[in-house]
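Here's the structure we're looking at; comments come further down.
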Amino acid sequence: QVQLVESGGGLVQAGGSLRLSCAASESIFSINAMGWYRQAPGKQRELVASLTSGGRSNYGDFAKGRFTISRDITKNTVYLQINSLEPEDTAVYYCNAHKLNYGYWGQGTQVTVSS
């Protein structure tokens with residue numbers, strides 16, 4: 001079972017930046033893919049970005065340009081850099097790990113963007 005711990009959320013003004021972190025309980029090379037999703041109030045959870053163990057990234061259409069996913073394999077950690085934050089980015093951001101046929105979720109970290 002993969003355990004994920006997110007951090008880095010908070011309250012930020014529009015135009016600011018945040019970097020979210022997701023630490024996995026095992027080597028990220030043993031995980032097929034890791035990614036970030038977000039869920040705003042009253043909306044469905046949506047993919048922000050994902051990164052395969054081979055290093056291939058994928059972004060949701062809305063996330064191209066302001067969001068960057070990266071990793072530090074020495075720390076078993078995946079990051080999500082968000083620039084030029086907008087009030088519409090307000091959501092709970094969840095880390096996800098896909099290993100074999102199972103998906104694992106972190107507890108989520110709240111990002112609130114004030115206008």
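The values are calculated or read from the model by the stated rules, or taken from the named source; none is laboratory data. What you see is a predicted model, and the numbers here were worked out from it, not measured in a lab. Reconstructed Cβ throughout: ideal geometry from the backbone, glycine too, with neighbour counts over all protein chains shown. Surface accessibility is based on the protein's heavy atoms, side chains included, excluding ligands, DNA and RNA. Shrake-Rupley method; radii C 1.70, N 1.55, O 1.52, S 1.80 Å.
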* Qualifying residues in segment 95-113 (those that are open to solvent by 40 Å² or more (accessible area, probe 1.4 Å) and in contact with a strand residue (DSSP E or B) (Cβ under 7 Å, 6 or more places away or on another chain)) - the one nearest to GLN13 (Cα to Cα) -> THR112
* Being exposed (fewer than 13 other Cβ atoms within 10 Å of the Cβ), in a strand (DSSP E or B), at pLDDT 95 or above and of a type in the set (Asp, Glu), is that true of even one residue in segment 83-90? -> no
* Asked: Considering only residues of segment 59-81 that are closer than 21 Å to GLN3 by Cα and among the charged types (D, E, K, R), which is surrounded by the most Cβ atoms within 10 Å (Cβ to Cβ)?
  -> ARG71
* Is it true that some residue in segment 30-39 is touching a residue at least 40 places away in the same chain (Cβ under 8 Å), over 14 Å from THR90 (Cα atoms), in contact with a His (Cβ under 6 Å, 6 or more places away or on another chain) and not in a strand (DSSP E or B)? -> yes
* Asked: Residues in segment 24-33 that are within 9 Å of VAL2 (Cβ to Cβ) and within 14 Å of the chain's Cα centre (by Cα): how many?
  -> 1
